[in-house]
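In what follows, a single structure is set out as C-alpha cells and then discussed.
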Amino acid sequence: MTQRTVLSRGRLSSGREVDLAIDSESGRIVEVGTISLQPSDKVEDCHDMVILPAPVEIHAHLDKALLNQNLPYDLNPTGDLDGAISAMQSIDLTSQDVFRRAKQAVLEMIKNGTTTVRSHVDIRDPIGTSSLRALMELSTWLTESKLGTLQLSCLMGRQLSGREGKRNRALLEESIELGVDVVGGCPYLDDNPKEALKVLLDAAMEAGRPIDLHTDETLDKDIFTLQHLVDEVDRRGVGAGVTASHCVSLSMQPEKTQLEIANRLAETGISIAVLPQTNLYLQARGINQAPPRGIAPAKLLIQAGVNVAAGADNVQDPFCPVGRLDALETASMLVLGAHLNPDVAWEACSNSSRRALGMEEITFAVGNQADLLVVSGKDLRSAITQATPDRLVIHKGKVVSRTKVSSSMSI
Ligand SMILES: [Zn+2]
C-alpha cells in the first residue's frame, strides 16, 4: 500500500467534521468519514479548518499582473477600460519582466489555494508573441515542478477582420503554431465584430482548441455581440469549450432578453465567466446617480442552468489597482456584488470554472482527485468572511503550500 495523507478532523463546507485520506501516488481520495489511522499515514491536523474543492482562476492576465508595483498609480487617470488600454500601450513589456511578475503572481495564487489558472496574454504589435513565449515557459516550469497548471489563451489585438486585421490574423496563426492552449480575442471591439468572431471560431475549430472571448465589456446595451456568439456556436454545434468572459452589457438588457439569452446559453453549453473585481473598478465611471455594477447577471444565468464560472481578472495593474490573487476575495465579491449565496459563489470559483476548462470536478467522494484548499474557518461562509492566510493547499494529492500565522494581543 502506498503512503496516505490524512486530513484529520477537517470540516466540509456545511461545517460537518470528517477525516479524509488521500493516496499519495494516485493523488485521489481513498477514504472519507471517521478513519482508522495506519502507521504509515502522514497526518495533517485540520481541526477548525474547512476542506474545499480547490479554486480555479478562470480569467487572469498574468502578463499584466502586479505591473502597479513599478508604475505610478495614476497611469490610468480616467480609471476606465479605454484609459487602461492606453496605459498598457505606453508600457514597454519585456519577456523577462513578464516572466518575473507572472511567476510572482501565480505563486501567490498557489499559496492562496488556486493551483489551476487560465491566463489571457496580449498578442499584438510591437510585442508580437513575446509575452506568450514567456508565459509558456512559466507553464512548463509549473507543470514540471508539480505546483499547478497554467493554461494560456491568446488575447488578440482588437482588429482581426478586413485588411487592417491582416497582421493580427498572422499573429493568431503564429500563436496557434506555438501551441497556445486556448483561442481568444475581443471581437466586440473589432470594426466588424461578426467577421472577427468568425475568424476566431474558424481558427479554434481548425486547431481543435477551446475558445474564450472577452465579450461586451461595456455598459452600452447596444453592444451585444453575445447574441452573435450564441447564434454562431449554435449553428456550428460547438458549445462545450466555449467561454464568454465579462458579458457586462448583458446586465443592461431588459430581463426578458436576459432570460432568452440565458436559456440559449444553457442549451448550447457556453460557459460565462463573471468577473466582479475588474468590472466594479472600470465600469460606470462618471455615473454618480445609481451607478450600475457592470457585473453579468450571475444569479439569473445560474437559475437558467448556465455554467457560470468566476475569476479575478486583472490584479494590481492599470485595469485594477488592487486584488489579493485570492479566490476567497472573488467569492466575497460575488456575494456582495452579484448577490450569490456563499456556496453558489464558491461553486462558481471552483467546480463551475473547472467545468468551463473541461476538467474533472472535485467532490469528496472516494476515487475523486484531491485538488483541495484547506483554510481556517468553521464553515464555508466563515472561511470566505475571514479569508485568513492559514491554509494548506493540495494539488493532485500532494501538499504544495502551507501557511501558518500566529498572532498575540496584549490586553
Ligand atoms: Zn480579461
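The values are calculated or read from the model by the stated rules, or taken from the named source; none is laboratory data. Here the structure is a predicted model, which means the values were calculated and not measured. Note that we place each Cβ from the backbone using ideal geometry, even for glycine, and neighbour counts take in every protein chain shown.
Numerical summary
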| read-out | value |
| --- | --- |
| Single residue of 22, 58 found to be over 18 Å from residue 396 (Cβ atoms), crowded, with 20+ Cβ neighbours inside 10 Å and among the β-branched types (Val, Ile, Thr) | 58 |
| Members of region 139-178 that are of a type in the set (Lys, Arg) and at pLDDT 95 or above | 146, 163, 166, 167, 169 |
| Any hit, region 207-217, residues being more than 16 Å from the ligand (Cβ to nearest atom), on the phi < 0 side of the Ramachandran plot, surrounded by 15 or more Cβ atoms within 10 Å (Cβ to Cβ) and acidic (Asp, Glu) | no |
| Selected residue [in contact (Cβ under 8 Å) with a residue 24 or more places away in the chain, outside the structural domain of residue 16 (by TED's automatic domain parsing) and hydroxyl-bearing (Ser, Thr, Tyr)] from 352, 376, 382, 410 | 352 |
| Only listed residue being in contact with a strand residue (DSSP E or B) (Cβ under 7 Å, 6 or more places away or on another chain), modelled with pLDDT of 95 or more and either charged (D, E, K, R) or surrounded by fewer than 21 Cβ atoms within 10 Å (Cβ to Cβ) (or both), chosen from 191, 220, 181 | 181 |
| Criterion violated by residue 371 - all others in (1) closer than 23 Å to residue 118 by Cβ; (2) in the same structural domain as residue 71 (by TED's automatic domain parsing) satisfied | (2) |
| Neighbours by Cβ (under 8 Å, 6+ apart or cross-chain): first from region 38-63, at positive phi; second more than 16 Å from the ligand (Cβ to nearest atom) and outside any strand (DSSP E or B) | 48/377; 48/378 |
| Answer from 123, 85, 91 - the residue that is of a type in the set (A, V, I, L, M) and in a loop (DSSP other than H, G, I, E, B) | 91 |
| The lone exception for residue 138 - which of (1) under 26 Å from residue 238 (Cα atoms); (2) in a helix (DSSP H, G or I) it fails | (1) |
| Count of region 369-391 residues which are part of a loop (DSSP other than H, G, I, E, B), surrounded by 19 or more Cβ atoms within 10 Å (Cβ to Cβ) and modelled with pLDDT of 95 or more | 3 |
| Residue identified as closer than 30 Å to residue 140 by Cα and more than 26 Å from the chain's Cα centre (by Cα) among 25, 17, 31, 57 | 25 |
| Positions within region 146-175 being surrounded by 17 or more Cβ atoms within 10 Å (Cβ to Cβ), assigned to a helix (DSSP H, G or I) and free of Cβ contacts under 8 Å to residues at least 40 places away in the same chain, in sequence order | 165, 169 |
| Considering residues of region 25-68 that are basic (Lys, Arg) and not assigned by TED's automatic domain parsing to the domain that holds residue 112 only, the residue farthest from the ligand (Cβ to nearest atom) | 42 |
| Pair list, Cβ under 9 Å, 6 or more apart: region 133-145 residue under 18 Å from residue 399 (Cβ atoms) and in the same structural domain as residue 97 (by TED's automatic domain parsing), other residue basic (Lys, Arg) and assigned to a helix (DSSP H, G or I) | 142/103 |
| Matching strands (runs of 3 or more DSSP E) fully within region 215-326 where at least 2 residues are in contact (Cβ under 8 Å) with a residue 12 or more places away in the chain and among the hydroxyl-bearing types (Ser, Thr, Tyr) | 242-246 |
| Leading residue by the ranking (surrounded by the fewest Cβ atoms within 10 Å (Cβ to Cβ)) among those in region 287-307 that are away from the ligand (no atom under 16 Å from the Cβ) and of a type in the set (A, V, I, L, M) | 290 |
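Rundown of residues vs (1) closer than 28 Å to residue 152 by Cβ; (2) away from the ligand (no atom under 16 Å from the Cβ), yes/no style:
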{"position": "228", "(1), (2)": "yes, yes"}
{"position": "252", "(1), (2)": "no, yes"}
{"position": "258", "(1), (2)": "no, yes"}
{"position": "261", "(1), (2)": "no, yes"}
{"position": "273", "(1), (2)": "yes, no"}
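Matching residues to (1) among the hydrophobic types (A, V, I, L, M, F, W, C); (2) touching a helix residue (DSSP H, G or I) at 6+ places or on another chain (Cβ under 8 Å):
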residue: 275; (1), (2): yes, no
residue: 281; (1), (2): no, no
residue: 287; (1), (2): yes, no
residue: 294; (1), (2): no, yes
residue: 312; (1), (2): yes, yes
residue: 319; (1), (2): yes, yes
residue: 325; (1), (2): yes, yes
residue: 340; (1), (2): yes, yes
residue: 349; (1), (2): yes, yes
